[in-house]
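Working notes, beginning with the structure itself.
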Amino acid sequence: MVRRTVHSLGIVLWVAGAIQHSSRIPVVNKGDKMSVRVKLCCSLLCMAAVVSVCLGSPPTPTDTYTHDALLDDGGKYHLYWKLANDSIIFEVHVETLGYVGFGISPNGGMTNADIVIGWVKDGEAQITDRFATGNREPYIDASQDIELIGGMETDTHTVLTFSRNLQTCDSDDIEITSGTMRLIYSYHADDPESETGLSYHGSQQRGSRSIHLLAVDKVIPAMPTGDDLLTYEFLNPNISVPGDQDTTYWCQAFKMPTLDRKHHMIKYEPVIQEGHEALVHHIIIYQCRYDVEDGYHGFGHECYSPNMPENLTTCTSAIISWAIGGGGFYLPEEAGFPLGEIENGDPNFVLMETHYDNPDQLDSFVDSSGIRIYYTPILREYDASIIELGNTVDYFHAIPPRLTSFTTVGFCSGDCLAEGLNGTSITIFASLLHAHLAGRGVRTRHIRNGEEQAVVAADDTYDFNFQEMRYLPDPVVVQPGDELITECSYNTEGRSSMTYGGLSTLEEMCLNFVYYYPRRSLAKCESFLPFEISLIALCESDNIVINYEEFPPTVVLPASCAGRSVFDIMATQDWNKNIVREFESAYNIGYFSSCERNDPGGLAADSQLVFAPEISSTQVTTDSRCDASASQYSLAVVAMVTLPAVIITAFWS
């Protein structure tokens, strides 16, 4: 379900790096428009930094930072950062004595990137704010919006500390947002001869990595110690990944450890086999809804194949979700995922789904990756669980080709939430947004009594190659009868045929796994758009009759489309602007609710036709401080298009 490499900001800083000591470098006020220079002092602290490098220990930042990341695979480029009101402070440690580049770009390259270049020469740090129009030396920006805080150089490394506003109101800069930012970096062995005399850094000393720069600070609750902290690993048993296909979903069954009383899972983390970091793109652990015989423990097979045992196909409730780029996940101190009480619905058997992405179709991968959980008998206040929101994963989810933008919508109906939550409220504290390769944006909106509340979770610069469970800035309380709308935007410019919902990375998904407490039995709250609605514009009729007894489904009425499969109709359609607009609007007319819960007597899936909600008011997520471009940062609300009720009911009467 996940991959690696979206539209954001691009600040590329070309700095020269060094391991830094633990004392704070004095703040230096911005001076010259074209460069800022800081006199540096080398002391015993600098020598300590050199010793640290020689010993191979990680860099020591000059201040306390809330986030850090290694940007390259070779361990030469470290980044630290933190928020400071409406600005962000960066610190880079790079193994070079020349200039260095760091930043964020719209597409992982230099084109249209907002760039800063810096280095340390003769004991002075220099830095300039720049922008690039292509793969060439970036131009110096007329508005210098980077402030140098300090910098230093050791025998092997350069360190620069600098800041900038999240919004600079400069047309050559890009706003730093809560979405996925694609950082770019580079470095060179030598300082430039002048501010406009940069030497090419080479193909091996550059790269990109997607990061959530404005991610909520990870709060690590106090962990139990000694016998009160237990671990268990779900690991694939040396799976030979097929070399004749680029996408493999491997399902491995596990019986949960037997516990003498109720426990709480309080953390989980990936266990990725060394060298397989790009191969393993997601791991999801599903709770099995019905009893599974103990003999299936250790059973493994390609997921969703005809040879999968039928009772394993009922393992559909996600309880653990990790995707590429993510690390360990801690549950909040007030909640833990319950284990041990099978009679109360705690998992007895689980199915681990591992998505292997093997684009070069190599047959040399033998994998034993998986998930490690941490659990304890010391119970927290609430039981936690996960609800899956969005579009059902099937071929009803259809996206036309050759489009720069197309939005689909998945509804979690008020009726489903009212019944599935047993009449009580829940608190959502984390979210994993998910689409595939064509995905460009994912968000879940929250409607109460026709009025839109603050967005639950959103990433308007979504990157398939960097997905992780994210803590919400503020937990969201969802009440029975509320409605949740998950929207996904896609780009299919490079595709010549329709894209449908499915498991392959070349097919699509639109999902949001939300972690919440207290636990309720609701597992999935999704929807799908029936062909009887989506084909209205294509067949120029509001009386569509489909024969689902054969595959692919075939149109019976109207005469203009009769006898043709729904896939053939879409494949031969002239997707002009008007047809695309009408087809896209169909997602906001009516839908089939897919509402499931864990217990065997739970809600029936795909059970009822529901009209899209009417929204009387909407909310804006962010007010821009730049008046001229304020509309750029407003929440884009998809219009709710309504057709007369008689048209909808005619489909199902």
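The values are calculated or read from the model by the stated rules, or taken from the named source; none is laboratory data. None of the values given here were measured: they were computed from a predicted structure. Positions of Cβ are generated from backbone atoms using ideal geometry, with glycine treated the same way; all protein chains shown enter the neighbour counts. With ligands, DNA and RNA removed, areas are computed over all heavy atoms of the protein, side chains included. Shrake-Rupley method; radii C 1.70, N 1.55, O 1.52, S 1.80 Å.
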Response to the item:
Averaging 1/r across every pair of distinct alpha carbons in the range 435-487 and inverting yields a Kirkwood hydrodynamic radius, in angstrom, of 12.3
Worksheet item: Taking the Cα-to-Cβ direction at Ala562 and at Ala454 and moving 7 Å from each Cα, how far apart do the two end points lie in nm?
Response: 5.6
Discussion item. Before I look further, what does the range 261-406 give for accessible area per residue, probe 1.4 Å, in whole square angstrom?
Written reply: 38
Worksheet item: For Ile115, what charge total do you get from the other residues with a beta carbon under 15 Å from its beta carbon, if Lys and Arg give +1 and Asp and Glu give -1?
Response: -4
Worksheet item: In the range 175-214, which residues have a backbone nitrogen under 17 Å from the label point lying 7 Å from Ala69's Cα in the Cα-to-Cβ direction?
Response: 175-187, 206-214
Item to complete: Please give the per residue accessible area of the range 148-238, computed with a probe of 1.4 Å over protein heavy atoms only, in Å².
Response: 45
Discussion item. Place a point 7 Å from Cα of Asp246 in the direction of its Cβ. Which residues in the range 347-376 have their backbone N less than 12 Å from it?
Written reply: 357-362
Discussion item. Considering only protein heavy atoms and a probe of 1.4 Å, how much of the accessible area of the range 458-498 is carbon and sulfur, as a whole percent?
Written reply: 43
Practice prompt. Determine the order of Met308, Met223 by accessible area, beginning with the largest, at a probe radius of 1.4 Å.
Written response: Met223, Met308
Practice prompt. Using a 1.4 Å probe and ignoring any ligands, DNA or RNA, find the accessible area of Tyr395 and quote it in Å² to the nearest 10.
Written response: 70
Fill in: Radius 10 Å from Cβ of Thr404, net charge of other residues (Lys, Arg +1; Asp, Glu -1)
+1
Item to complete: Write down the radius of gyration of the range 329-434 and its Dmax, each obtained from C-alpha positions, in Å.
Response: 19.1, 54
Worksheet item: Picking from His301, Ile266, Thr248, whose Cα lies most toward the positive end of the charge dipole for the range 226-311 (charges on Cβ: Lys, Arg +1; Asp, Glu -1)?
Response: Ile266
Worksheet item: Taking 0.36 nm per residue of separation and subtracting the Cα-Cα distance, what length does fully extending Thr316 through Asn543 add?
Response: 78.2 nm
Worksheet entry | Unit charges on C-beta of K, R, D, E only; dipole of the range 83-162, Debye | 260
Practice prompt. Work out the length of the dipole vector of the range 204-342 about its Cα centre, built from +1 on the beta-carbon of each Lys and Arg and -1 on the beta-carbon of each Asp and Glu, and round it to the nearest 20 debye.
Written response: 400
Item to complete: May I ask what percent, to the nearest 5, of DSSP beta bridges between residues of the range 390-517 are antiparallel?
Response: 95
